[in-house]
Amino acid sequence: MGRYILNRLIQAIPVIFLVSLISFCIMQLVPGDPAILIAGPSATPAELDNVRRNLGLDQPFYVQLTRYYTNLLQGDLGRSLFLGKPVLDATIERLPVSMSIALYSMVLTLLLGLLSGLVAAMRQNTWVDQAVMLFALLGVSMPNFWLGLMMIVLLGVHWGWLPTGGYIPYTTSFYGWLATTTMPAVSLAMLNTGLLARITRSTMLEVLRQDYIRTAKAKGLPGWMIIGKHALKNVMIPVMTVIGIIFSLLLSGSLVIESIFSVPGIGSLLGSAILRRDYPMIQGGLLFVATSLMLLNITVDILYAYFDPRVRYD
């Protein structure tokens, strides 16, 4: 098991290097001059040159790249041009907001997706099965940003049940946190709930056709024991891998949803950084998100190998 974990961590190193290189190169190719945005449109050429020199933008590409990786190896993601603080600090400050919405959305996805998928499999070819599959089809068909906008119009503006934007920390008011995060969390959860329900249903149907399930039925075991003790554990092995992918989708999808609901998370931070041409913030933020998602997937792979030892020897 230890060798498997070590191999997975070693395999992640070139991927992180590639992500950092791509984000650095893309930022160099983006049109626009951050010196003009910082100094203002009325700045003189001398003032612009001074800003570029202070930021190191007047240096050749290879010099900037070398300095970028030298700082990266020391844990320095750079300093935001507009916030005036280290990128890592600015990102970590917003992390609890994004994580709280992603976790809330994950709970909704697991509850609705797993339960509806299991119920649909156990009631195959009935109206319950058809209703669940229709719900799943609607979920995977609706873009989360479209659903978010519809919820703002209906629940926020028309009926006034929930605030249309903003964020209240749960440490300040749990009710306020619930009110401000429900629409973003539901918007993110719908797509993944439909996806998880379909996968859970098909996996459960496959497990229920196995010989050991027929044997358990032939012994006269009650249905709840067959599902809970024999089938559910084997259903969870492939579903667990999908859950890791779903959580990655929730984190990446929050980049758009946070902007729609004016939530001060990492997504809105990166969005404002892109508009301002804040290169260090964009590069550092993207690298932080990519590394977090990679570590999450490695964790899921390790759990998968723990529950199914055959994976370690593939």
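The values are calculated or read from the model by the stated rules, or taken from the named source; none is laboratory data. Being a predicted model, the structure only gives us computed values, none of them experimental. Every residue, glycine as well, gets a Cβ built from its backbone with ideal geometry; the counts of neighbours run over all protein chains shown. Remember, those area values only see protein heavy atoms, side chains included, never the ligands or the DNA or RNA. Shrake-Rupley method; radii C 1.70, N 1.55, O 1.52, S 1.80 Å.
Could you order the peptides 196-207, 127-138, 44-55, 233-244 from most to least packed, using the average number of other C-beta atoms within 10 Å per residue?
Numbers: 196-207: 20.9, 127-138: 15.4, 44-55: 13.5, 233-244: 17.1.
Ranked by mean Cβ neighbours within 10 Å, highest first: 196-207, 233-244, 127-138, 44-55.
Pairs of lysine in the chain with Cα under 22 Å and at least 8 positions apart or on different chains: total?
Eligible lysine pairs with Cα atoms under 22 Å apart amount to 4.
Show me the helices of the chain, taken as full DSSP H stretches, that run 20 Å or more along their long axis by Cα and average -0.5 or above in Kyte-Doolittle hydropathy.
Both cut-offs are met by 2-29, 87-122, 127-141, 174-208, 232-260, 279-307.
Let me see the pair-distance distribution of the chain: every alpha carbon pair, 20 Å bin width, integer percents in order.
All Cα pairs, binned at 20 Å, distribute as 26, 49, 22, 3, 0 percent.
What ranking of Trp159, Trp224 comes out by heavy-atom accessible area, probe 1.4 Å, highest first? Kindly include the intermediate steps, with their values, before the conclusion.
Values: Trp159 125, Trp224 180 Å².
Largest accessible area first, the residues go Trp224, Trp159.
Tally Lys/Arg at +1 and Asp/Glu at -1 over every other residue whose Cβ is under 15 Å from the Cβ of Ile245; what's the total?
Net charge in that neighbourhood comes out at 0.
Under 5 Å between amide H atoms, partner at least 5 residues away or on a different chain: which partners does Arg79 have, H built in plane at 1.01 Å?
The list, which skips near neighbours in sequence, is Val87.
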